[in-house]
Amino acid sequence: MLLASDGSTTLLLEALTGGPISVHLQSLTDQPAAGMPGDVRALLQLTSDATVTIRRSLLHDHHDTPLSRNEVITPPSTPLMQRIATDPARPLGLNLIAHDIDHSRHLRCTGLARWSANQRETASKAYLIRAAAIPLMLVWETFNPAVVPRGHHGPTSDPATRFAS
């Protein structure tokens, strides 16, 4: 369900774990779009002179168990979208809902990725969030194998690849 859904992963994780989800911000950096892969620049409609914001975070359940590792690339946009993308206290999906932003998610791929250097591969997915035809952010989620076992990742397309270095 987590990999096939085009809805809020945060809400699905809340249903799976039976409680609220919190975000632990790991890093927030700006990077020139010129350093992004061409397909990422195309999806986010980036010019070569643009700067993107990259947010790396972990979602945790109400027992502080890490559920997913997330990497989000946000193009230059409105001040509200920048506040949502850089908010260290609220998961992105809940923030989009709280601000009543009409958006859609477009699954780009599902596959396997490493949870950590010492652990096996686990389920992951990448998707684009848009408002109308405007790309808001590209999201890559990798799920904790203790919570979402590899055997339950469902059908895969091309493996999810890291889009930012």
(message) At 0.36 nm per residue, and after removing the present C-alpha to C-alpha distance, how many nm does the segment from T86 to T51 gain when stretched out fully?
(response) 11.2 nm
(message) With the crude spin-label approximation of a point 7 Å out along Cα→Cβ, what separation in nm comes out for L58 versus Q31?
(response) 2.0
(request) Roll a 1.4 angstrom probe over the protein heavy atoms and tell me the percent of accessible area of segment 29-101 that is carbon or sulfur. (result) 55
(request) Could you do me a favour and compute the accessible area per residue for segment 1-137, 1.4 Å probe, result in Å²? (result) 48
(request) May I ask you to compute the full-extension gain from A117 to D102, defined as 0.36 nm times their residue separation minus their alpha-carbon distance, rounded to one decimal in nm? (result) 1.7 nm
(request) Can you pull the one-decimal nm distance between simple spin-label points at R150 and L16, each 7 Å off the Cα toward Cβ? (result) 1.7
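The values are calculated or read from the model by the stated rules, or taken from the named source; none is laboratory data. From a predicted model like this one, the values you see are computed outputs, not experimental measurements. Methodologically, a virtual Cβ is constructed for each residue, glycine included, from the backbone with ideal geometry; neighbour enumeration extends over all protein chains shown. Each accessible area value is taken on the protein alone, full model and side chains, heavy atoms only, with ligands, DNA and RNA left out. Shrake-Rupley method; radii C 1.70, N 1.55, O 1.52, S 1.80 Å.
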